């Protein structure tokens, strides 16, 4: 088996790079959705959600950089054009969303898509003993699961 400088299978790394680029594309669409939600949110929950969406997009921006750098570490080239992002994304594009519950539901649905991709990457990276990618995916998954729980709690009608 041919290995790269990290001691990982070159063939397996290429598959993982493709999956990481898929994740990168989805994160870029998610990030841009969050920017739009931040700019366009209206209503009585404006102040809370405006700040929360900014927190989310700042966090996403950091994750995007980590994903791209992992692609580079594994010997690949991160996707970097909007056309690549759109053609590889499963996340719904949120356009002109200003209502609070619709905005939060978009975030929940987007995080669910990201989790599915991250779990697939976690399985691949685990199978090939890629602890660097494994660790990153584990961190992302734990944080996003908690965020989904909190957003679902926010969506519940209070008694």
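I'd like to check something: does the stretch 58-69 contain any residue that is part of a loop (DSSP other than H, G, I, E, B) and either touching a strand residue (DSSP E or B) at 6+ places or on another chain (Cβ under 7 Å) or surrounded by fewer than 15 Cβ atoms within 10 Å (Cβ to Cβ) (or both)?
Of the residues in the stretch 58-69, the ones part of a loop (DSSP other than H, G, I, E, B) are none.
Among the residues of the stretch 58-69, not one is part of a loop (DSSP other than H, G, I, E, B) and either touching a strand residue (DSSP E or B) at 6+ places or on another chain (Cβ under 7 Å) or surrounded by fewer than 15 Cβ atoms within 10 Å (Cβ to Cβ) (or both), which makes the answer no.
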Please count how many residues of the stretch 124-142 are over 15 Å from residue 7 (Cα atoms), without any contact (Cβ under 8 Å) to a residue 12 or more places away in the chain and either in contact with a helix residue (DSSP H, G or I) (Cβ under 7 Å, 6 or more places away or on another chain) or surrounded by 13 or more Cβ atoms within 10 Å (Cβ to Cβ) (or both). 1
Residues that are in contact (Cβ under 8 Å) with a residue 40 or more places away in the chain and assigned to a helix (DSSP H, G or I), drawn from the stretch 88-110: 88, 100, 101, 103, 104, 105, 106, 107, 108, 110
Against the definition (more than 12 Å from the chain's Cα centre (by Cα), surrounded by fewer than 22 Cβ atoms within 10 Å (Cβ to Cβ) and within 19 Å of residue 102 (Cβ to Cβ)), how does residue 49 come out, yes or no? yes
Those residues of the stretch 3-17 which are out of contact with any helix residue (DSSP H, G or I) (no Cβ under 7 Å at 6 or more places or on another chain), touching a residue at least 40 places away in the same chain (Cβ under 8 Å) and assigned to a helix (DSSP H, G or I), in sequence order: 10, 12, 13, 14
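Within the bounds of the stretch 36-44, is there any residue that is under 18 Å from residue 106 (Cβ atoms) and without any contact (Cβ under 8 Å) to a residue 40 or more places away in the chain?
Keep residues of the stretch 36-44 that are under 18 Å from residue 106 (Cβ atoms), which gives 36-43.
Cutting the leftovers down to without any contact (Cβ under 8 Å) to a residue 40 or more places away in the chain gives us 38-39.
Within the stretch 36-44, one or more residues are under 18 Å from residue 106 (Cβ atoms) and without any contact (Cβ under 8 Å) to a residue 40 or more places away in the chain.
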Any residue at all in the stretch 27-35 that is more than 12 Å from residue 91 (Cα to Cα), without any contact (Cβ under 8 Å) to a residue 40 or more places away in the chain and either in a helix (DSSP H, G or I) or under 14 Å from the mean Cα position of the chain (by Cα) (or both)? yes
When the residues of the stretch 78-87 are filtered to those that are in contact (Cβ under 8 Å) with a residue 40 or more places away in the chain and in a loop (DSSP other than H, G, I, E, B), which remaining residue is nearest to residue 17 (Cα to Cα)? 78
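Just so you know, all these numbers are worked out from the coordinates, no wet-lab data involved. Treat the numbers as computed from the prediction; the structure is a model and nothing was measured. Virtual Cβ from ideal backbone geometry, glycine too; neighbours counted across all protein chains shown.
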